[in-house]
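The values are calculated or read from the model by the stated rules, or taken from the named source; none is laboratory data. Note that this is a predicted model, so its numbers are computed, not measured. As a convention, Cβ positions derive from the backbone with ideal geometry for all residues, glycine included, and neighbour counts pool all protein chains shown. The area values use the complete protein model at the heavy-atom level, side chains included, leaving out ligands, DNA and RNA. Shrake-Rupley method; radii C 1.70, N 1.55, O 1.52, S 1.80 Å.
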Amino acid sequence: MTVRVLIVDDQEPFREAARMVVEVTDGFEVVGEAETGEAGVEAALELRPDLVLMDVNLPGIEGPEATRRILGQSPDVVVFLVSTYEPAEYESKAAECGAAAYIPKSTFGPSTLEDAWAAAGRSVSR
């Protein structure tokens, strides 16, 4: 089984970078992208991803609220919050909204993605 990933971020350069990271990580594939929290919630309902990479600061509803809504509709989805903030500032917010991890954008890469997925108790078929 390939891990189906939805990327939710209002900044196109990060969506492009995240797409590249996902595409070079064995066992992961991008199934969609969204630019706002509302669009992310709709896309998650429609596309049924296994994993959502959710920016914290988004137009409209912000990432933590979008995460709550996605998990309310699809509790089996794993959400990782991503942002430019330091982990000390956002790890607790990630836990509060139900996200499985907080990943600083500056450290996001294939090994970080794989490690966070494994830490969420999930495995990847290769």
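Taking the Cα centre of the chain as reference, the dipole from Cβ charges on Lys and Arg (+1) and Asp and Glu (-1) amounts to some 380 debye. Split the accessible area of the chain by element, probe 1.4 Å, and carbon with sulfur accounts for 47%.
Full extension of the chain between MET20 and LEU45 yields a length gain of 6.6 nm, computed as 0.36 nm times the residue separation minus the alpha carbon distance. Here the alpha carbons of the chain define both size measures, Rg and Dmax, at 12.7, 37 Å. Of GLU96, GLU33, GLU62, the residue with the greatest mean-square motion in the GNM of the chain, using alpha carbon springs below 10 Å, is GLU96. Mean residue ellipticity, 222 nm, helices only, the chain: the sum of -39500 (n - 2.57) across DSSP H runs of n ≥ 4, divided by residue count and rounded to 500, is -13500 deg cm²/dmol.
Heavy atoms of the protein chains alone define the surface here; on that basis the chain has 48 Å² accessible area per residue at 1.4 Å probe size.
Rounded to the nearest 20 debye, the dipole magnitude of region 36-98 is 140 debye, with +1 charges on Lys and Arg beta carbons, -1 on Asp and Glu beta carbons, and the Cα centre as origin. Would you mind classifying region 56-104 by shape? Square roots of the alpha carbon gyration tensor eigenvalues, ordered a ≥ b ≥ c; an a/c under 1.5 is rounded, otherwise it is prolate if a/b is larger than b/c and oblate if not. Oblate, because a/c is 1.5 or more while a/b does not exceed b/c.
Pairwise alpha-carbon distances in region 1-45 exceed 17 Å for 30% of all pairs.
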